[in-house]
Amino acid sequence: MSNHKKLADFRADIDKCVKCGACQAQCAVYKTIKRESTVARGKIAIANALLDKDLPLDKRFVLDMSQCLLCGSCFDKCPNLVPTDQIVMAARREIAERKGLSTFGKAITSVIKRPKLMNTLAKSSDHFGGILFKKIPDHSGLRLRFPLPFITTDRSIPDFTPTPFRERYPQPIGGNTDKPTLSFFTGCMINYTYPEVGEALVKVVRFMGFPLIIPQDQGCCGLPALAAGDEKTVDQLADANVTAFSCNGQNDVVIVTACASCYSGIGERYRAMGKDYAQMGDKVVDILKFLADNGLVEKLQQLPRWKETKRVTYHDPCHLRTQGITTEPRAILSALPNVNFVEMEGADKCCGLGGTFSVYHYDTSREIGKRKADGIAASNADLVASACPGCMMQLQDSINHAKLPQQVCHVLELVADCLPDS
Ligand code: SF4
Ligand code: SF4
């Protein structure tokens with residue numbers, strides 16, 4: 001039996017769309033492409049027509065359903081709370097079931113379900129990275145020396161670590177025994193490309209005195225497979241993660257994420273997959289929310305203010321914004337002794353990554369990223385902080401294309417920077 005709803009199961013939600021058009025102004029894709037089929041109202045009409053057999057499942061349908069960032073901005077402003085992102089994901093599952101996965105869908109899902117292969121690829125980047133990639137002068141990141149399938153040579157991507165983050169912490173890290181144990185779901189990007197975010201988490205959690213474990217058998221959260229419509233891979237990964245995070249039946253364990261996409265992938269999505277997965281999903285908390293709720297802001301406010309401060313702005317990852325986590329990262333940044341926090345225009349707007357969206361529609365993704373870069377430039381910030389490695393990659397790419405001086409970092413890195421070394 002499938003753990004995922006079919007497109008037909010969304011019939012009642014589809015019927016709730018009154019075609020008011022309030023979603024139009026929210027959709028970054030529509031703002032760029034200006035075609036009705038890209039906006040929520042259009043996608044819902046197309047999904048309805050497919051269910052009524054008024055429309056074939058053809059190339060046009062596949063293209064229209066691929067042109068969605070799954071950002072949830074339309075849902076935020078929809079008077080009838082029509083869950084367009086979920087309808088689009090169900091449509092993609094329908095496409096995968098009837099037509100098979102796309103070439104990229106097959107490639108990405110075959111890699112993410114093989115952690116050993118991912119480890120080997122990351123480690124071999126140390127040997128072959130110089131042949132494939134070149135460092136971008138004056139900016140962080142790498143670019144391909146020659147185009148590869150799905151990645152263009154003008155796309156900035158982060159460096160790979162030869163020592164995946166999880167391998168660095170095979171043993172539990174002690175803390176105060178009267179505090180709950182945190183179990184860290186690292187996600188693929190922190191494990192392979194942003195280990196510094198994981199290191200920052202370890203330092204901050206140690207400072208706060210929470211015991212920490214990093215389950216070694218965890219895998220990808222499954223979000224790339226979900227976005228591609230591959231429900232079997234989502235289930236396979238979810239089963240492995242539920243086993244890895246069973247924590248010997250310990251109920252007081254809090255599962256923390258430092259990646260907004262993983263937070264959605266193992267939290268919100270697992271809760272929608274039935275009881276067995278919901279038990280894990282219910283324990284998932286974003287690390288910034290957890291730390292803010294457990295006294296980090298007050299502790300930071302007690303630190304002596306630095307003479308030199310940096311101007312820092314914040315980008316809201318869609319997967320935190322849609323879950324109402326917007327004030328906690330800002331409260332943490334505002335409390336840092338070496339930071340002058342400033343808001344930027346469009347902080348709550350999607351960066352344009354949208355997972356597979358930026359692979360299939362890189363030109364549109366870049367256009368959306370350009371608007372973000374304009375907001376960053378106008379903020380005059382030195383640094384752009386965020387809470388999602390995917391957003392960090394996209395923001396740095398947009399900054400590099402706009403030839404701006406700013407660097408992108410995770411909020412946790414800024415917190416770790418102002419704490420004493422233990
Ligand atoms: S805002 Fe909601 S109800 Fe209105 S057109 Fe968009 S999806 Fe339909
Ligand atoms: S989820 Fe985002 S990209 Fe997709 S239709 Fe809604 S606003 Fe547009």
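The numbers here are math on the coordinates, done by the rules we state, and not lab data. The structure presented is a predicted model; accordingly, all values stated were derived computationally and were not measured. Because the Cβ atoms are built from the backbone with ideal geometry, glycine has one as well, and the counts that use them run over all protein chains shown.
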* Asked: From the backbone phi of segment 328-334, what are the Karplus-calculated ³J(HN,Hα) couplings (6.51 cos²θ - 1.76 cosθ + 1.60, θ = phi - 60°) in whole Hz, Gly and Pro given as x?
  -> 4, x, 5, 5, 5, 4, 5
* **Added length on full extension, which subtracts the Cα-Cα distance from 0.36 nm per residue, LYS275 to CYS418** => 47.4 nm
* With an 8 Å cut-off on Cα pairs and a minimum separation of 6 or more residues, tell me the relative contact order of the chain in percent. => 15 percent
* Dipole magnitude of segment 327-413 about its Cα centre (Cβ charges: Lys, Arg +1; Asp, Glu -1), debye to nearest 20 -> 140 debye
* Structure fact -> With label points set 7 Å from each Cα along the Cα-to-Cβ direction at LEU117 and ALA22, the distance between them in nm comes to 4.5 nm
* Asked: Which of the pairs LYS31/LYS372; LYS31/LYS349; LYS123/LYS289 have their Cα atoms more than 22 Å apart in this structure?
  -> LYS123/LYS289
* **Qualifying GluC sites (Glu not before Pro) in segment 182-244, DSSP loop, other Cβ atoms within 10 Å at most 16** => none
* At what distance in angstrom do the alpha carbon centres of segment 38-61 and segment 178-214 lie from each other? -> 43 Å
* Asked: When the chain is modelled as a GNM with alpha-carbon springs shorter than 10 Å, which of ILE332, ILE87, ILE33 fluctuates the most?
  -> ILE33
* Taking Cα pairs under 8 Å and at least six residues apart, what relative contact order does segment 165-292 come out at, in percent? -> 26 percent
* **Normalised per residue, the volume of the convex hull around the Cα set of the chain (Å³)** => 142 Å³
* To do: For a label point 7 Å from the Cα of THR309 along Cα→C-beta, name the residues of segment 317-344 whose backbone N is under 17 Å from it.
  => 330-344
* **Which of ASP363, ASP286, ASP85 has the fewest Cβ neighbours within 10 Å, and the rest in rising order** => ASP363, ASP85, ASP286
* **Kirkwood Rh (inverse of mean 1/r, distinct Cα pairs), segment 284-422, angstrom** => 15.4 Å
* Structure fact -> Among LEU7, GLY375, SER66, the residue whose Cα sits farthest towards the positive end of the charge dipole of the chain, when +1 is placed on the Cβ of each Lys and Arg and -1 on the Cβ of each Asp and Glu, is SER66
* To do: Between PRO56, PRO337, PRO215, find the one with the highest GNM mean-square fluctuation for the chain; connect C-alpha pairs within less than 10 Å.
  => PRO56
* Asked: Is it possible to state the helix-based mean residue ellipticity at 222 nm for the chain, with each DSSP H run of 4+ residues giving -39500 (n - 2.57), the sum divided by total residues, to the nearest 500 deg cm²/dmol? What is it?
  -> -13500 deg cm²/dmol
* Computed FRET efficiency, Cβ-Cβ of GLN171 and LYS53, R0 35 Å: what is it to the nearest 0.05? -> 0.05
